[in-house]
1. Calculated FRET efficiency, ASN90 and LYS122, Cβ-Cβ r, R0 25 Å, to nearest 0.05?
2. Calculate, for ASN169 and ASP218, the FRET efficiency according to 1/(1 + (r/R0)^6) with r their C-beta to C-beta distance and R0 41 Å; round to the nearest 0.05.
3. I'd like the GluC sites (Glu not before Pro) in region 101-186 restricted to DSSP loop residues with at most 15 other Cβ atoms within 10 Å, sorted by number.
4. Distance check, please: which entries in LYS91/LYS143; LYS136/LYS185; LYS133/LYS185; LYS141/LYS185; LYS77/LYS126; LYS77/LYS141 exceed 28 angstrom between their Cα atoms?
5. Kindly put SER201, SER118, SER108 in sequence by how many other C-beta atoms sit within 10 Å of each C-beta, fewest to most.
6. From the phi angles alone, apply the Karplus equation (6.51, -1.76, 1.60; θ = phi - 60°) to region 146-156 and give each ³J(HN,Hα) in whole Hz, x where the residue is Gly or Pro.
7. Which value in Å does the Kirkwood hydrodynamic radius of region 71-221 take, with 1/r averaged over all unlike C-alpha pairs and then inverted?
8. 7 Å from Cα along Cα→Cβ at both ASN194 and SER108: what's the point-to-point distance in nm?
Amino acid sequence: MMAEDTTGTRRYCKRVYLHAAMGQQESEDIYYLHKILKLVVEKMNLIDVLPKKAVEERKRFKSSPTVEKNKKVEIVKNQITQELEEFITNKLKGKEAKVVIQKTLYKSDLEKNQNRLSMPMKQVIKPDEFLRKNEKEDLEKGKEFEVKLLGPRLEMHKKPMMLKMWHMNSTSNYVLKTEWNRFVKANKKDLEINKKIQVWSFRIDEKLCFAIACFDRDVDGQNDAAATPII
């Protein structure tokens, strides 16, 4: 009788222990499941936030005032630019006179070892208007051709420049080169670092020419606009 009671008690205790163990295991599973779900929710929230931040960063970068191509440039018109346009039309009998670019002269534009004036295409006002179709195609193929350059004192530079297109990583530039150093030397009073200029294009007998206007300089020293072009 005593043996049966002991066996029954042991069986009962074993069942109680198993139920307790199962309950403990279930509690641990639920605990870890909650932890996993919490981590998943945190990750999902993080994924939802990151793209928004990335978009905001891209917008902030694109609207940065240091990116010159995004600046709205107001084309200056004053006595100097008016005299230039009249000189091209009346004295040189030029046609299609227009502003190609308005820019600041940087150190690289005036350094002797560079020997070129850079005109970034992103800053060119209307890139498809000053070039003929065949001229643009030739430049895109790496070719170059001669152009005459009228100085800020309305004197045509004696030797022609070479117009070429340089392809960079982020943009392409039109450049006036070969005779640029001599042109700078001849106009050193006007062409200085941080000076603002306009580059104009025009045509004489269908030949492409350029002119440079230093529109913020003193007009008192203007030479008599009677130079004869050498085309």
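1. Working: r = 33 Å, r/R0 = 1.33.
Step by step, r from the Cβ atoms, then E = 0.15.
2. Numbers: r = 39 Å, r/R0 = 0.96.
Efficiency, rounded to the nearest 0.05: 0.55.
3. Values: sites: GLU111, GLU129, GLU135, GLU137, GLU140, GLU144, GLU146, GLU155, GLU179; in loops: GLU111, GLU129, GLU144, GLU155, GLU179.
In loop regions of region 101-186 (DSSP not H, G, I, E or B), the sparsely surrounded GluC sites (Glu not before Pro) are GLU111, GLU129, GLU144.
4. Values: LYS91/LYS143 31 Å; LYS136/LYS185 30 Å; LYS133/LYS185 33 Å; LYS141/LYS185 31 Å; LYS77/LYS126 17 Å; LYS77/LYS141 35 Å.
Where the Cα-Cα span goes over 28 Å, the pairs concerned are LYS91/LYS143; LYS136/LYS185; LYS133/LYS185; LYS141/LYS185; LYS77/LYS141.
5. Numbers: SER201 21, SER118 18, SER108 12.
Final ranking by Cβ density, sparse to dense: SER108, SER118, SER201.
6. Taking θ as phi minus 60°, the curve returns 6, 9, 8, 10, 8, x, x, 9, 6, 10, 6 Hz for region 146-156.
7. Roughly 15.6 Å, rounded to one decimal.
8. Distance between label points: 1.9 nm.
Read-outs: derived from the displayed coordinates by stated rules, not from any lab. Keep in mind the model is a prediction, meaning the values are calculated, not measured. Note: ideal-geometry Cβ built from the backbone for every residue, glycine included; neighbour counts use all protein chains shown.
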